[in-house]
Amino acid sequence: MIVRMQQIVLKAARTAGVACALVIGTSISYGAVEITPLERQHLVAHLEMTAGWLVDEVSKLTKEQAEFRRAPGAWTILEVLEHLVVVGPIYWNDLQKAVKAPAAAPPASSRDEDILWYGIDRTNREAAIPSEKPSGNLRDIRAGLEAYRKQHARLLQYIKTTKDDLRNHVVERQRSDAYQWALLISTHEQRHILQIREIKADPKFPAK
């Protein structure tokens, strides 16, 4: 009877894609699985898209345009760029910490569609936490773009080549899987690109 039950549980575990050892006192473990080629393609395309958009939006700005503040307390475009430079290493470390932690299934409520929607819907705006706010140290668009490009290139190369199981590791701060966290890094940039466009659309934005 015990042998029969073990066979049934093993069959169910394999069907679910889980590597399970039926030994008394052991727990279920997740077999490492790479992201699919289509998942990789989608993520790479999104990362390349947002990077291209950001460069297009800010690379030719004058000092006056980069430092234009449309309202007290509102960020300038230079501060938006500094924010992206500040959070880059933080988000990268969150990703690497997740993939090095023991495998775990992400919450069922975490969906790719929600991460994508986050990138285009700015109706719900969240304030950055103090450690991720711009401090005014960035003085030049070019320097900011150079720092951003280095960070982005590292992430992009990782996504293009990684064999890590991004779907079965959880980024705790977001309660998403690591794949979704990498996607969120890109959609987070997309949100700020929309913010930059809003600043540039202000009637008082300098012509040059």
- Mind checking which pairs have a first residue in the stretch 56-73 that is on the phi < 0 side of the Ramachandran plot and basic (Lys, Arg) and a second that is at pLDDT 95 or above and assigned to a loop (DSSP other than H, G, I, E, B), Cβ under 7 Å, 6 or more apart or different chains? 69/76; 70/202; 70/204
- Message: For the stretch 60-119, give me each residue that is outside any helix (DSSP H, G or I), in contact with a helix residue (DSSP H, G or I) (Cβ under 9 Å, 6 or more places away or on another chain) and within 20 Å of residue 164 (Cα to Cα).
- Response: 103, 104, 105, 106, 110, 111
- Task: Tell me, yes or no, whether the stretch 143-158 has at least one residue that is more than 24 Å from residue 46 (Cβ to Cβ) and in a loop (DSSP other than H, G, I, E, B).
- Result: no
- Message: Checking the structure you have, find out if any residue of the stretch 161-173 is assigned to a helix (DSSP H, G or I), within 21 Å of residue 80 (Cα to Cα) and not aromatic (Phe, Trp, Tyr).
- Response: no
- Residue ID - surrounded by the fewest Cβ atoms within 10 Å (Cβ to Cβ), chosen from residues in the stretch 87-137 that are among the hydrophobic types (A, V, I, L, M, F, W, C) and in contact with an Asp or Glu (Cβ under 7 Å, 6 or more places away or on another chain): 90
- Item | Test result for residue 134, assigned to a loop (DSSP other than H, G, I, E, B) and farther than 30 Å from residue 64 by Cβ | no
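The values are calculated or read from the model by the stated rules, or taken from the named source; none is laboratory data. It should be emphasised that the depicted structure is a prediction, and the values quoted were computed from it without experimental measurement. Please note: Cβ atoms are built from the backbone with ideal geometry, for glycine as well, and neighbour counts cover all protein chains shown.
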